[in-house]
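Accompanying notes for the structure given below.
The values are calculated or read from the model by the stated rules, or taken from the named source; none is laboratory data. Note that the structure is predicted; figures quoted are calculated from it, not measured. Quick reminder, even Gly has a Cβ in these numbers, built from the backbone with ideal geometry, and neighbours come from all protein chains shown. The protein model used for the area step is the full one, side chains on, heavy atoms only, and it has no ligands, DNA or RNA in it. Shrake-Rupley method; radii C 1.70, N 1.55, O 1.52, S 1.80 Å.
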Amino acid sequence: MKTPKTLFLAWQDPISRYWFPIGRLTFDEGIYKFVYTQGVKEAQEKCAFKPLSSFPRLDEIYTSTHLFPLFANRLMSRSRPDYSSFIEWLNIPKDENDPMAILARSGGERQTDTLAVFPCPEVDEQGHYHLYFFSHGLRHLPSSAIERINQFEPGAKLWLQYEFQNPYDAQALILNTEDHYIVGYCPRYLLAEIFELLRQNSNLEVRVERVNKPPTPLQFRLLCKMSVDALDDFRPFSSRQYQPLIAEMAVKSA
């Protein structure tokens with residue numbers, strides 16, 4: 001597993017339930033850096049987002065030799081008896097201890113707040129980008145769907161489908177089996193990027209990476225792998241909302 005150098009932070013408005021990419025965490029040469037991204041502007045305009053208490057200033061580059069507490073608190077303690085099982089659920093090497101890699105695969109979501117973490121994928125030697133995520137919304141599915149998920153084999157193909165009639169989210173993107181069994185949803189904070197991938201590239205596919213059998217919590221039950229060809233002019237998560245906010249502020253000041 002290649003350790004990601006860049007993670008994005010997404011924020012969900014507790015009222016509208018919309019997600020916005022608001023920050024970017026990088027790790028290079030022993031230094032962690034966090035900056036707000038352009039996506040925070042949309043979050044402010046549409047949902048009155050306020051700066052996080054851990055990063056109170058929008059116009060600052062935060063640096064540290066240690067992982068910032070906001071992110072470190074999203075890692076399971078290695079002393080917990082179920083830690084080894086947790087690493088297996090993520091389908092990463094048992095000796096993996098890089099917090100960036102663990103956060104990239106787990107998503108770092110907690111029930112106590114409205115934040116999530118996801119990686120910026122890098123192209124592999126075969127010219128493909130890969131993005132891993134756990135299927136969302138399983139607790140809303142009937143028991144028959146969960147049983148179907150439990151029977152999946154790694155590599156099984158899944159299909160993406162818009163769910164325009166979803167009363168809670170008109171842009172919901174569901175994960176389907178070939179015979180039209182709903183087995184969850186793509187994470188809402190990835191939808192804008194996935195829609196763009198679908199528009200630009202027809203070679204996008206989603207497959208089952210791993211199924212963690214009961215009693216694994218449903219949030220870690222179905223691990224999916226999305227793959228897409230790396231076209232010459234394609235760069236994932238390169239749109240304006242993922243760019244550092246402070247870069248634009250520096251230009252205006254100049």
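Go over the candidates GLY23, GLY108, GLY30 one by one and state the one that is in contact with a Leu (Cβ under 9 Å, 6 or more places away or on another chain), at positive phi and among the small types (Gly, Ala, Ser).
So the residue among GLY23, GLY108, GLY30 that is in contact with a Leu (Cβ under 9 Å, 6 or more places away or on another chain), at positive phi and among the small types (Gly, Ala, Ser) is GLY108.
Return the residues of region 196-221 that are assigned to a loop (DSSP other than H, G, I, E, B), under 22 Å from SER239 (Cα atoms) and not hydroxyl-bearing (Ser, Thr, Tyr); say none if nothing qualifies.
ASN201, ASN203, LEU204
Could you look through region 186-211, keep only residues that are of a type in the set (D, E, K, R) and modelled with pLDDT under 85, and pick out the one that is surrounded by the fewest Cβ atoms within 10 Å (Cβ to Cβ)?
ARG199
Can you tell me how many residues in region 92-117 are in a loop (DSSP other than H, G, I, E, B) and open to solvent by 10 Å² or more (accessible area, probe 1.4 Å)?
Matching residues across region 92-117 total 13.
Quick check on my filter: what residues within region 135-153 are of a type in the set (Lys, Arg) and surrounded by fewer than 16 Cβ atoms within 10 Å (Cβ to Cβ)?
Selection gives ARG139 alone.
Considering each residue of region 3-26, count those that are under 16 Å from ARG105 (Cα atoms) and not charged (D, E, K, R), and give that number.
Of the residues in region 3-26, 9 are under 16 Å from ARG105 (Cα atoms) and not charged (D, E, K, R).
Let's see how each residue does on (1) within 28 Å of TYR18 (Cβ to Cβ); (2) out of contact with any helix residue (DSSP H, G or I) (no Cβ under 7 Å at 6 or more places or on another chain); (3) touching a residue at least 60 places away in the same chain (Cβ under 8 Å):
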{"position": "ASN73", "(1), (2), (3)": "yes, yes, no"}
{"position": "SER84", "(1), (2), (3)": "no, yes, no"}
{"position": "GLU88", "(1), (2), (3)": "no, yes, yes"}
{"position": "GLY107", "(1), (2), (3)": "yes, yes, yes"}
{"position": "ARG110", "(1), (2), (3)": "yes, yes, no"}
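Counting just the residues of region 75-91 that are hydrophobic (A, V, I, L, M, F, W, C) and within 18 Å of LEU222 (Cα to Cα), which one comes out most open to solvent (accessible area, probe 1.4 Å)?
Checking each candidate, the answer is TRP89.
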